[in-house]
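Contents: one structure, followed by commentary.
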């Protein structure tokens with residue numbers, strides 16, 4: 001059994017009200033695989049980089065027991081690069097530069113050693129590439145989690161809807177849920193989206209937590225109030241990686257386990273935003289994660305006295 005993460009491994013340059021960086025390592029697959037590795041030790045990655053990507057960063061993946069056999073390195077080409085500037089509210093941002101480079105013609109090759117995949121995390125990529133990964137697996141994983149964004153809703157809705165039919169869990173933010181469904185109420189939006197195919201829907205609400213929907217059941221997870229948020233880049237991917245990593249650890253797919261997985265994913269994401277890039281999620285301890293999860297429990301626990 002293994003957990004396969006498909007997505008971008010890339011460079012980011014970030015500017016927030018708290019500071020700015022030159023090129024640092026980012027990408028959906030980077031954040032998600034690092035987060036998942038704290039719960040599961042058979043994480044495997046499929047992505048593409050140029051020969052400008054540092055060998056030391058690949059060694060960091062391996063140090064987290066993340067297999068990089070599926071990480072393609074294109075000689076003479078550059079890695080995907082994104083640069084953005086966040087506004088004061090840290091919820092909105094402007095894209096300054098996007099250079100697709102090796103991502104422009106990415107063909108996800110699944111190594112034979114990855115065919116034991118039981119858990120699949122489809123990071124934010126074109127819906128067609130996400131479909132290709134599912135079709136290239138020899139057996140269907142027991143859990144497929146998919147992340148996407150409004151950009152694909154704008155330019156590739158038909159492909160997106162076809163991909164959504166193929167997955168178990170869809171994770172999107174509140175604005176994307178409204179755009180996808182045409183409903184402002186998130187409850188109504190969730191009902192429409194679940195009809196599209198996924199068994200479970202996670203709607204991320206940033207500093208306001210997350211919602212989990214399944215059939216007629218709803219779970220609301222809090223967000224941890226943080227004094228300082230330095231960089232929200234990658235928080236959603238870290239959340240998704242923590243979520244599926246925990247699900248792989250427990251091994252049973254049901255609503256109650258997903259409730260716990262959302263808390264663990266939220267805990268990892270709360271670490272992510274405290275520093276730039278992946279810095280704060282590279283060297284976490286089990287004790288630190290448990291303490292952070294307990295903060296979430298304490299935040300939402302109460303007793304009713306009648």
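None of the figures in this text is laboratory data; all of them are computed from the coordinates on show. Computed from a predicted model, the values in this text were never measured in an experiment. No Cβ is skipped: glycine too gets one built from the backbone with ideal geometry, and neighbour counts run over all protein chains shown.
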Distance in nm between label sites at residue 256 and residue 23, each 7 Å beyond Cα in the beta-carbon direction?
5.0 nm
If contacts are Cα pairs under 8 angstrom and at least 6 residues apart, what is the relative contact order of the chain in percent?
18 percent
Quick one: if the Förster radius is 41 Å, what FRET efficiency do residue 216 and residue 51 give, using the C-beta to C-beta distance and rounding to 0.05?
0.20
Residue-averaged [θ]222 nm for the chain, counting only DSSP H segments that reach four residues, each worth -39500 (n - 2.57):
-11000 deg cm²/dmol
Note: residue 140 to residue 41 extended length (0.36 nm per residue) minus current alpha-carbon separation gives 33.6 nm
Assuming 0.36 nm per residue, please report the length gained on full extension of the stretch residue 226 to residue 63 beyond their Cα-Cα distance.
55.8 nm
In whole Å, what is the distance between the alpha-carbon centres of the range 132-203 and the range 1-32?
22 Å
What list do you get for 25, 305, 9, 167 if you sort them by fewest beta carbons within 10 Å?
305, 25, 167, 9
Please check: in the Gaussian network model of the chain (C-alpha springs, under 10 Å), which one of 261, 227, 235 has the largest mean-square fluctuation.
227
The residues 110, 144, 97, sorted from fewest to most surrounding Cβ atoms within 10 Å, come out as 97, 110, 144
For a quick check, take a GNM of the chain with Cα springs below 10 Å and name the residue from 287, 215, 128 with the largest mean-square fluctuation.
287
Least to most buried among 138, 282, 204 (fewest other Cβ within 10 Å first)
138, 282, 204
Which residues among the range 205-235 fall inside the zone where the amide N is under 19 Å from a point 7 Å beyond the Cα of residue 185, along Cα→Cβ?
211-220
In nanometres, the difference between 0.36 nm per residue of separation and the alpha-carbon distance of residue 88 and residue 73 is 1.7 nm
